[in-house]
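First comes the structure, then the notes that go with it.
What follows draws every value from the coordinates through simple rules; no lab data is involved. Everything quoted here is computed from the prediction, not taken from an experiment. Neighbour counts are summed over all protein chains in view; Cβ atoms, including those assigned to glycine, are modelled from backbone coordinates with ideal geometry.
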Amino acid sequence: MSRNSGPKAPSQRMLRVGELVRHALADVLQRGEVMDPVLETHVVTVPEVRMTPDLKLATAYVMPLGGKDVDKVLKALDANRKQLRMLVVKRMDLKSAPDLRFRVDDSFEKGSQIDALLRSPEVRRDLVADDGAEDER
């Protein structure tokens, strides 16, 4: 029986290669090396890239500045995936180029939701009640 019931944490190699891919992809997008009308008119941030354990697939989490035209930007990135892959691999020293997959980075949205929850009257009431219970001990 395996004790590892959940997903494994990424290895140091996966994290390192993911960060290299992130930097290379961000550099390519910042310099406008892909001739695409959508990508030329949007600033795209790449906050995270996750690698599969075999380092053959890189999932890049992206967000256009201001969160505008997300669907258009994702379609443009997918349409230019092969060119982006070749430009990224030129900047890296790897045996093989990972395939690129693009997803929307929703971490900022999730953070805003958590902030809103923490500011809600119900949570504040519970936090104040917990502080009072600790003072009585």
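At a glance:
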read-out: Residue 102 long-range amide H proximity, modeled H, under 5 Å; value: 60
read-out: Förster-model FRET efficiency, 25 Å R0, residue 86 and residue 30, C-beta, rounded to 0.05; value: 0.90
read-out: Per-residue HN-Hα couplings for the stretch 91-97 [Karplus 6.51, -1.76, 1.60; θ = phi - 60°; Hz; x = Gly/Pro]; value: 8, 10, 10, 10, 5, 9, 8
read-out: Net length gained if the chain between residue 23 and residue 78 were fully extended (0.36 nm per residue, minus Cα distance); value: 18.0 nm
read-out: Using a Förster distance of 30 Å, the FRET efficiency for residue 43-residue 93 (Cβ separation, nearest 0.05); value: 0.60
read-out: Extension gain, residue 118 back to residue 57 (0.36 nm per residue minus Cα-Cα distance, nm); value: 18.3 nm
read-out: Residue 65/residue 126 FRET efficiency (R0 35 Å; Cβ-Cβ; nearest 0.05); value: 0.45
read-out: Peptides 87-100, 56-69 ordered by average Cβ neighbours within 10 Å, highest first; value: 56-69, 87-100
